[in-house]
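Below is one structure, written out as structure tokens, with a few remarks after it.
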Amino acid sequence: MKLITDAMAQTEQPAPAAPAPAAPTPPTAPTATQSGTGANGPDPAQPPSLPDLMAQLVPVFVVMGIVYILVIRPRARREKAALEALRNVRRGDTIVTSGGLVGKVTRAIDENEIELEIAQNTRIRLLRSAVAEVRSKGEPVKDAPAPAAEKAPAKPSQPKAKS
């Protein structure tokens, strides 16, 4: 409580009168060693010098370069690889959709759609843009069946002896 009464007492006292200013001194012209800066800092009417400007801009450009190298470039590479994987989806590939379905591509309908088998004899049409991940690449299926090669007669298997 004493602090509050002391503070109130100080605010009620009149402020001491300011001393009369001394005789004004005429302003002096800047010399070569001052280079436009007075005791109070740079002259606001004068633009910043080139070294001062560079000292302010160089750190900004350095930070922008670091952000580009560490963030933007790797993300662009990942997006490019994902887009390339989407374009190259073919029959036999196992994919995951953006909805979480996992299935095997049975055929490519057109440039924008594929047919996906999510269970035995259960096929759905899917937009390529809905593919979230290509899990495993299947072997490319040949359009024409290969000619059947002559098979050598199989050797009769001998029963294994039980021990």
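Annotations for the structure displayed:
- Long-range neighbours under 9 Å by Cβ, at least six apart or interchain, first residue farther than 16 Å from Arg107 by Cα within the stretch 119-137, second in a loop (DSSP other than H, G, I, E, B) and not basic (Lys, Arg): Ala132/Ser98; Ala132/Gly99; Ala132/Gly100; Arg135/Asp93
- Take the conditions (1) in contact with a strand residue (DSSP E or B) (Cβ under 7 Å, 6 or more places away or on another chain); (2) at pLDDT 90 or above; Arg135 misses just one of them, which is (2).
- Single residue of the stretch 111-133 satisfying the filter (basic (Lys, Arg) and assigned to a strand (DSSP E or B)) that is nearest to Gly92 (Cα to Cα): Arg123
- Yes/no for Val102 being in contact with a Lys or Arg (Cβ under 9 Å, 6 or more places away or on another chain) and either closer than 26 Å to Arg128 by Cβ or surrounded by 10 or more Cβ atoms within 10 Å (Cβ to Cβ) (or both): yes
The values are calculated or read from the model by the stated rules, or taken from the named source; none is laboratory data. All figures in this text were calculated on a predicted structure; none of them were measured in a lab. Please note: Cβ atoms are built from the backbone with ideal geometry, for glycine as well, and neighbour counts cover all protein chains shown.
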